[in-house]
Amino acid sequence: MRKTTIIAAVCGAALVGAVGTAAAGPGFQPPRHDQVKAVLPTGQSNPAIANGVAVGSKVTTYTASGLGPAAVNVAAPAGSPERYIDFPGGTLPPGVTITEAQAINVLKQIKENLSAVGLGPSDVISMRAYLSEPPGAATADFVGWNRAYRQFFANTDLTTGRPVDVPLGSAAPARPMYVNPSRPSRVTLEIENLPVAGWLVEVEVVAAWPS
């Protein structure tokens, strides 16, 4: 059993399945030394991210370096965005954008990175995502990124505790790839260039380490 207790703090709602709850606002109590408290938006049953995360002084954390997608589509030219499509034959499912495909690839890499040190996506408490615009686009594809994110994070209903179906591209919503109640604090930034040619997504995370 973990010695680090993770508590979600919400205002005016109970979080089913959590170790405990606390009220957000002026009376918010800081976490104990061994606790993590995610402060969630009020009145939402399925928020995407936390308003913030408070970490006790004795909680051990792990910071993963920024990770990009793996070059799994070897049929595509090196340095092209298509090189980083992790779907059979490098073919995008209907409605799936290149950024969405790369983001799913990245989140799989993060899952493997965390697994190597005894962690998982459910342990993530903070995330920073960097997006670059696809070729020919004027801006980064935040919509595609958010669809991919929901495949691995914030895909349970806080009221019922049950998984919430999410869309892949234009397909009808279906069970997420990785069911995970974790709602980390998060920032998403658009930048001009990423360090590897063809990358459109790079993500770094902080996770709370189990004992």
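The values are calculated or read from the model by the stated rules, or taken from the named source; none is laboratory data. Please read all numbers here as calculations on a predicted model, not as lab measurements. With ideal geometry, Cβ positions are generated from the backbone for all residues, glycine too; neighbour counts draw on all protein chains shown.
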* **Of the criteria (1) in contact with a Phe, Trp or Tyr (Cβ under 6 Å, 6 or more places away or on another chain); (2) over 21 Å from Lys111 (Cα atoms); (3) surrounded by 14 or more Cβ atoms within 10 Å (Cβ to Cβ), which one Tyr178 fails** => (2)
* To do: Go through the range 50-70 and give me each residue that's assigned to a loop (DSSP other than H, G, I, E, B) and either surrounded by 20 or more Cβ atoms within 10 Å (Cβ to Cβ) or free of Cβ contacts under 8 Å to residues at least 24 places away in the same chain (or both).
  => Ala50, Val59, Gly68, Pro69
* From the list Leu158, Leu168, Leu107, Leu131, which one is modelled with pLDDT under 95 and of a type outside the set (S, T, N, Q)? -> Leu158
* Which of (1) more than 29 Å from Glu133 (Cα to Cα); (2) over 15 Å from the mean Cα position of the chain (by Cα) is the odd one out, the single condition Ala78 does not satisfy? -> (1)
* Which residues, taken from the range 114-126, are surrounded by fewer than 22 Cβ atoms within 10 Å (Cβ to Cβ) and assigned to a strand (DSSP E or B)? -> Ser126
* Asked: Which residues, taken from the range 71-99, are in contact (Cβ under 8 Å) with a residue 60 or more places away in the chain, in a loop (DSSP other than H, G, I, E, B) and either β-branched (Val, Ile, Thr) or touching a Pro at 6+ places or on another chain (Cβ under 6 Å) (or both)?
  -> Val96, Thr97
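Checking the structure you have, find out if any residue of the range 29-44 is of a type in the set (Gly, Ala, Ser) and surrounded by fewer than 16 Cβ atoms within 10 Å (Cβ to Cβ).
Filtering the range 29-44 for residues of a type in the set (Gly, Ala, Ser) gives 38, 43.
Keeping just the survivors that are surrounded by fewer than 16 Cβ atoms within 10 Å (Cβ to Cβ) gives 43.
Taking every residue of the range 29-44 in turn, at least one turns out to be of a type in the set (Gly, Ala, Ser) and surrounded by fewer than 16 Cβ atoms within 10 Å (Cβ to Cβ).
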* Close pairs from the range 137-158: first at positive phi, partner of a type in the set (A, V, I, L, M) and assigned to a loop (DSSP other than H, G, I, E, B), Cβ under 6 Å, at least 6 apart -> Ala154/Ala48
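Can you find a residue that is surrounded by 15 or more Cβ atoms within 10 Å (Cβ to Cβ) and outside any helix (DSSP H, G or I) anywhere in the range 100-111?
No; the residues of the range 100-111 include none that is surrounded by 15 or more Cβ atoms within 10 Å (Cβ to Cβ) and outside any helix (DSSP H, G or I).
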* Structure fact -> Being more than 26 Å from Trp209 (Cβ to Cβ), among the hydroxyl-bearing types (Ser, Thr, Tyr) and modelled with pLDDT under 90 narrows Thr91, Thr4, Thr21, Thr42 down to just Thr42
